[in-house]
Structures are given as structure tokens and as C-alpha cells.
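Q: One structure is given below, represented as C-alpha cells, and several questions about it will come after.
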Amino acid sequence: MANMSTGSAKSLRRPLIAGNWKMNLGLKDSVDLVRQLVDGAPAGGSGPEIMVAPPFTALTVVAELLKGKSIKLGAQNMHPEASGAFTGEVSPSQLLDVGCSHVILGHSERRRMFGDTDAFIKKKLQAAVKLKLVPVLCIGETLEERESNRTFRVLETQIKGALEGFAPTDLAQLVVAYEPVWAIGTGKTATPDQAQQAHAFVRQQLKGLYGEGWAQSVRILYGGSVTPENVDELMSQPDVDGALVGGASLKPVGFLRIINFKAGTKASA
Ligand code: PGA
């Protein structure tokens, strides 16, 4: 899979650094964190696009603090239906109501622990698109799948399972996050080469679905133990357009350093 880079259009894609807080932080800590991010983020909305995805319980207070700021608000999940008897779930319009512009869909923790299938994720995607929530679609292989050389097959299944059957214009805002499951919360990051190889493959798949122009416009984030120490090299890869950051997004100084990544200009292969 060498030389699969399609990095020529990287400069056209605005990087996105997203923080996934998962089931962490109460209201006070959420407020403290987001205040520090607002104060420390590049002035005037320059630099990468920034998004934070707090737990549902903190969305309202965080939204208040982000009013008029350039940092975007995302949710970590949602239900595809508009309303109804879905105890414990949150609908797309409820997310819009509290000020979300983005929603993370298909995170591996949802797939693994809460039974999210590609078909269900596709329904969520359809609902997000309908309400113009920016979907951040997560895909990625487990360690066992990687070790048995099934990485690309798994990524292809997840991509097609969620994305087939759309009008490409509906997916104009789509963001994909490649998150190898073995790298999430483990401290084991994919090497920059492993990330680039997977990202280039993902972009090829996107191209196969809806064409080169669209595929070149889609931002593909890397997620899985991103830290201030490894972000620069990851972001230097031609098909890595940003990061979805879990653990390291809970620490303001570190997350701000990730936002201020320094990417080299590694030529695309
Ligand atoms: P991590 O999580 O950065 O803690 O590995 C990433 C994610 O799950 O999005």
C-alpha cells in the first residue's frame, strides 16, 4: 500500500482539532477547561478549526461560554430519531437546540460497548445531514484485525456501510476520524507512516464512492493517543487533516499545544 498518498490537496483542507471528553468532567471542571481553551486558542479564529465534545450534561454551560467564540461545540453521540420513546437517548434537534454544530458518530466505544452497527450509524448520519450537524464519522480496526491483515477490509466495510447511498452534496461537511482501536486510550499511537497509510486508503475509498474532488475535500482526522509530543509528526502526513483527541483533550495546556501543532511540509509520496 505504499505510495497511496493523495496529499496534493492538503493545503485546501482546514485542519480540525477535536477534543472528545468522553464520560469525564462535571460542570465546574467543564467550565474551567473551556475557559482556558477560549483564552488560549489562537486569536480571531486563526489556525485550525477547534471543536470540543463535552458530555451531554455539560453541553449547555459550555455552549454559553462558547457563544461568539470560534471554538465549535460537538456531541459525542446521538439517536437518529427526531423524538419519541427512546429512554436515555438524545435527538439531533435537541443537540442543535443546545448549540451543537458537530456530532461524533460511530466511535469505537459506541460500536464495541453499545452495539452501534454500520447500519445504525448510517441512520444517525442521515439524521445529522438532514439537520446540518457536521458528522464526525469514526472508523478503525482492532488489534486483532490489524494483526490478521484485515485493516483495509474493515475500514472499507465501515466506510461503505455508513456512507453508501448518499448524495455527495449531503456529505459536503463530512469529517472522518481514523481511530485504530488499539491506539485509543492505550498510549500506543499509530506511527506517522501507519496513520498516513490508513488515511490514504480511506481517501481512496472515499474517491471510489463519490469522486476525487469530494474525496480531496473531506478532512480525515487521526485519533488514538494523540499527545503534544506526537501531534507534530502526525500532522505532517499528507493525508492527516487533524486529530480527534481523548485523554489529552482534558488538559488545557496540552490540548492547546496540540491545537498549535507544528506540521512540517513533508512532500506527498
Ligand atoms: P485517546 O482517545 O486520545 O484517549 O486515545 C481518542 C478517542 O477515543 O477519540
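Q: Please give the helices (runs of 4 or more DSSP H) falling wholly within region 47-145 in which 3 or more residues are closer than 19 Å to GLN158 by Cβ and without any contact (Cβ under 8 Å) to a residue 40 or more places away in the chain. Walk me through it before giving the result.
A: On the way: elements: 59-66, 92-97, 108-114, 118-130.
Where helices (runs of 4 or more DSSP H) fall fully within region 47-145 and carry at least 3 residues being closer than 19 Å to GLN158 by Cβ and without any contact (Cβ under 8 Å) to a residue 40 or more places away in the chain, they are 108-114.
Q: Somewhere in region 62-69, is a residue closer than 25 Å to MET235 by Cβ and small (Gly, Ala, Ser)?
A: Checked region 62-69: no residue is closer than 25 Å to MET235 by Cβ and small (Gly, Ala, Ser).
Q: Another question, then. Considering region 62-102 alone, what residues qualify as being among the polar types (S, T, N, Q) and exposed (fewer than 13 other Cβ atoms within 10 Å of the Cβ)? Steps first, please.
A: Of the residues in region 62-102, the ones among the polar types (S, T, N, Q) are 70, 76-77, 83, 87, 91, 93-94, 101.
Answer for region 62-102, where residues must be among the polar types (S, T, N, Q) and exposed (fewer than 13 other Cβ atoms within 10 Å of the Cβ): SER83, THR87.
Q: Go through region 155-171 residue by residue and tally those that are among the β-branched types (Val, Ile, Thr) and surrounded by fewer than 17 Cβ atoms within 10 Å (Cβ to Cβ). First the steps, then the outcome.
A: Residues of region 155-171 that are among the β-branched types (Val, Ile, Thr), as a first pass: 157, 159, 169.
In the following step, the residues that additionally are surrounded by fewer than 17 Cβ atoms within 10 Å (Cβ to Cβ) were identified as 157, 169.
Adding up the residues that qualify gives 2.
Q: Okay, moving on. Given the criterion free of Cβ contacts under 8 Å to residues at least 24 places away in the same chain, within 19 Å of ARG203 (Cα to Cα) and of a type in the set (A, V, I, L, M), identify the matching residue among ALA162, ALA167. So that I can check it myself, show each step before the final result.
A: Numbers: ALA162 fails: free of Cβ contacts under 8 Å to residues at least 24 places away in the same chain.
Answer to the selection: ALA167.
Q: Taking LEU96 as meeting all but one of (1) more than 25 Å from THR227 (Cα to Cα); (2) over 21 Å from the mean Cα position of the chain (by Cα), write down the number of the exception.
A: All conditions pass for LEU96, except number (2).
Q: Turning to a different aspect of this structure: Going through GLN216, GLN205, GLN194 one at a time, which residue ends up being within 16 Å of the ligand (Cβ to nearest atom), out of contact with any strand residue (DSSP E or B) (no Cβ under 7 Å at 6 or more places or on another chain), among the polar types (S, T, N, Q) and in a helix (DSSP H, G or I)?
A: Working: GLN216 fails: within 16 Å of the ligand (Cβ to nearest atom); GLN205 fails: within 16 Å of the ligand (Cβ to nearest atom).
Going through GLN216, GLN205, GLN194 in turn, just one is within 16 Å of the ligand (Cβ to nearest atom), out of contact with any strand residue (DSSP E or B) (no Cβ under 7 Å at 6 or more places or on another chain), among the polar types (S, T, N, Q) and in a helix (DSSP H, G or I): GLN194.
Q: Please determine, by comparing only the residues of region 161-191 that are within 16 Å of the ligand (Cβ to nearest atom) and outside any loop (DSSP other than H, G, I, E, B), which one is farthest from the chain's Cα centre (by Cα). Please lay out each step first, then the result.
A: Residues of region 161-191 that are within 16 Å of the ligand (Cβ to nearest atom), as a first pass: 175-191.
In the following step, the residues that additionally are outside any loop (DSSP other than H, G, I, E, B) were identified as 175-178, 181-183.
Working: VAL175: 6, VAL176: 6, ALA177: 4, TYR178: 8, VAL181: 14, TRP182: 17, ALA183: 15 Å.
Top of the filtered list is TRP182.
Throughout, read-outs are computed from the coordinates displayed, never taken from laboratory work. All values reported here derive from a predicted model rather than from experimental measurement. Neighbour counts are summed over all protein chains in view; Cβ atoms, including those assigned to glycine, are modelled from backbone coordinates with ideal geometry.
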